[in-house]
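None of the figures in this text is laboratory data; all of them are computed from the coordinates on show. These numbers were taken from a predicted model, which means no experiment stands behind them. Backbone-built Cβ (ideal geometry, glycine too); neighbour counts: all protein chains shown.
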Amino acid sequence: MHKPLIPLLLTLGLALGAATASAQPAAQPYAPPAAVTTDGYASPDRARCEAELRKDAGWYAELKLQLKDDVHQDEYATFQRNNKHVIIAYAAIWVLTVGFAFLMWLRHGKLAGELARLKSDIARGAKDADA
């Protein structure tokens, strides 16, 4: 009675797993902003600028607003790099789950056959005992 239901559920699980994996957007390569230098240079006016930022809250708020998009882009790039690992982990869990369910389905069929054979052996033994 439940045999047709199991392959249907397995197929549905595989389809959902594949749809989830393919629905993810392609990750964009991360590129640091052009203003960032890696040569170790530090402006001699940096301390004065930081002091002015502490005094002028409006200027600080404007700079934060201007940098907000850059921060969001950096976070998005980080998420996209890590997102691939999450998808792979979910796919592995789905494959293991579907594989386990498939093995249980095969075992159920084998046990059902064994049970049918034992019932026929009992019936044949009862028939032989009556004769």
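Structure values in brief
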read-out: Inter-label distance for TYR90 and TYR76, nm, one decimal - labels placed 7 Å from Cα along Cα-to-Cβ; value: 2.0
read-out: Karplus-derived 3J(HN,Hα), 6.51/-1.76/1.60, for each residue of the stretch 43-48, Hz, glycine and proline x; value: 5, x, 8, 4, 4, 5
read-out: Net length gained if the chain between LEU53 and LEU115 were fully extended (0.36 nm per residue, minus Cα distance); value: 14.2 nm
read-out: Protection-proxy order for peptides 115-123, 89-97, each taking the mean of Cβ atoms within 10 Å per residue, highest first; value: 89-97, 115-123
read-out: Under the Karplus curve 6.51 cos²θ - 1.76 cosθ + 1.60, θ = phi - 60°, whole-Hz ³J(HN,Hα) for the stretch 51-65, x wherever Gly or Pro sits; value: 5, 5, 5, 5, 7, 9, 5, x, 5, 4, 5, 5, 5, 4, 5
read-out: For the stretch 96-105, 3J(HN,Hα) per residue [Karplus equation, 6.51 cos²θ - 1.76 cosθ + 1.60, θ = phi - 60°, Hz, x = Gly/Pro]; value: 5, 5, 5, x, 5, 4, 5, 5, 5, 5
read-out: Eligible lysines near LYS119 by straight Cα distance, threshold 22 Å, same-chain separation 8 or greater; value: LYS3, LYS110, LYS127
